[in-house]
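The values are calculated or read from the model by the stated rules, or taken from the named source; none is laboratory data. This one's a predicted model, so the numbers in the text were calculated from it and none came from an experiment. Positions of Cβ are generated from backbone atoms using ideal geometry, with glycine treated the same way; all protein chains shown enter the neighbour counts. The area values use the complete protein model at the heavy-atom level, side chains included, leaving out ligands, DNA and RNA. Shrake-Rupley method; radii C 1.70, N 1.55, O 1.52, S 1.80 Å.
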Amino acid sequence: MKDLTQGPITKQLIAMAVPIAIGMLFQTLYFLVDLLFVSRLGEAVIAGVSTAGTLTFVILALTQMLAVGTVALVSHAAGRKDQPEANLVFNQAVVLSALCGVLTLAAVFLLGGPYLRSVAADPAAAAAGSAYLYWYAPGLALQFAMAALASALRGTGIVQPTMVVQMLTVVLNTILAPILIAGWLTHHPYGAAGAGLASSIAVAAGVFMLWVYFARLEHYVGLDPRLWRPRVRILRRILNVGLPAGGEFLMMFVILAAIYWAIRGFGPSAQAGFGIGGRVMQALFLPVMAIAFGATPVAGQNYGARHFERVRETFRKAALLSSLLMLLVTLLCQWRPELFVRVFSQQPDVVAVGALYLRIISLNFIATGLIFTCSGLFQALGNTWPSLVSSGSRLFTFVLPALWLSTRPGFTLRQVWYLSVATVTLQALTSLLLLRREFHRKLDAPGAGAAAVTAAGGSGSPA
């Protein structure tokens, strides 16, 4: 366990964020590597795989539920130096990951096909998306085990093992992708299905490696079958913190699905361009997301230890770092956004859509960085409901207006992108106001110290 309650906070944030960013970069490369080889199969396949990728946000929502609840509770226990409680939370998270994995497999095979047929631009795109999704289903199910293992380590301040495992799994996926997608060496290309299978094999290998690490090397929290009997108290606390955070990712899925539905009339090239632009944007966000992810255990341990001023300082330093990084990324996207898109497609229509998307949407990158930072602090405080309220506001400020605009004469893609910029800015302001309120309730109110001990100790869930 790494003690984050002492020492310079900026140094701790960077020390946490760098390996997290590297691990997230390699995680994102799952999709970028697949997209690189899939892009050679035509715009219908690109559109299909990109559309199927929106369903991964549902899985991310559920894995985030598990990850956030685990990180928050483990970090609070670690801050109080309560190793038995941290270990119990971790093992209950493992139990929850198994249940979620089984439910994910069932949901993908029952609902994936109908969803893709409803939002894909044409039958060819729907067929490619279904092939990719069905073969990626085992990997999606195993993401829950990966989340439980990695989050327990992050809550104790340890992030390097997860980074190494993610690097190795991406190397494996990179080797398998051309073989399974394009038929290199075997001369039996499987197209979109091969992309899904390559990712599933790589995720399975990653779970196996982390499992071996816990069995042989990890000592602060460890796999203990005696603690696998479901404990309602612990599961309720994990879900109380995690469900709203999962709801945030579910909101992202709803927003993405609405965009794909709204722009479907522009054809597969528009969906393909948006899909590539969206994946590039996710990759550009990685450093800032890593800072937010690193801020959670730093602030969480200090909250558990009742070092409240260090919690505030963690937010200030994380917000400053994320804003500076997002400013650099914004300037890059304003300069030559088409350079990013041409890595994956040379088709003029696809490049035009993707470049336009990145140039306009980059205007809200700084606001997005602040949203990520606030979300990380809400997680650290053990109350993610305000973050869900902030994200949910976009259902009314973005989704409904975007769907309405798509029915109006003269509807253009620019209208959707500028609407997104305005609503993300509004969401950032909402998050900042809600975090200020949460700081006052948790850090300034009389008896806040006792409340922190009670919430972290498990006699009640945080409000």
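Being modelled with pLDDT under 90 and open to solvent by 30 Å² or more (accessible area, probe 1.4 Å) is a property that Val164 has. Taking residues in region 2-19 that are farther than 14 Å from Val288 by Cα and open to solvent by less than 60 Å² (accessible area, probe 1.4 Å), and partners anywhere that are part of a helix (DSSP H, G or I) and among the hydroxyl-bearing types (Ser, Thr, Tyr), the pairs with Cβ atoms closer than 9 Å and at least 6 places apart or on different chains are Leu4/Ser75; Ile9/Thr314; Gln12/Thr314.
Quick one: would you say Ala272 is assigned to a helix (DSSP H, G or I) and either surrounded by fewer than 21 Cβ atoms within 10 Å (Cβ to Cβ) or of a type in the set (Asp, Glu) (or both)? So Ala272 fails the test.
Checked against the criteria, Val212 does not count as among the hydrophobic types (A, V, I, L, M, F, W, C) and within 27 Å of Ala380 (Cβ to Cβ). Do we have any residue at all in region 73-88 that's in contact with a Gly (Cβ under 7 Å, 6 or more places away or on another chain), under 30 Å from Ala177 (Cβ atoms) and in a helix (DSSP H, G or I)? No, because not a single residue in region 73-88 is in contact with a Gly (Cβ under 7 Å, 6 or more places away or on another chain), under 30 Å from Ala177 (Cβ atoms) and in a helix (DSSP H, G or I). Only one entry in Val89, Val68 is within 12 Å of the chain's Cα centre (by Cα), open to solvent by less than 10 Å² (accessible area, probe 1.4 Å), within 28 Å of Ala107 (Cα to Cα) and among the hydrophobic types (A, V, I, L, M, F, W, C), namely Val68. Considered as a group, the residues in region 206-244 that are outside any loop (DSSP other than H, G, I, E, B), open to solvent by 80 Å² or more (accessible area, probe 1.4 Å) and touching a residue at least 24 places away in the same chain (Cβ under 8 Å) include one that is farthest from Leu388 (Cα to Cα), and that residue is Trp211.
Mind listing just one residue for me: the one in region 40-65 that is open to solvent by 10 Å² or more (accessible area, probe 1.4 Å) and not in a helix (DSSP H, G or I) and, of those, farthest from Val95 (Cα to Cα)? The extreme case among them is Gly42.
Given the structure, is Thr314 open to solvent by less than 10 Å² (accessible area, probe 1.4 Å), assigned to a helix (DSSP H, G or I) and either among the polar types (S, T, N, Q) or farther than 30 Å from Asp444 by Cβ (or both)? Here the answer is yes, as Thr314 does meet what is asked.
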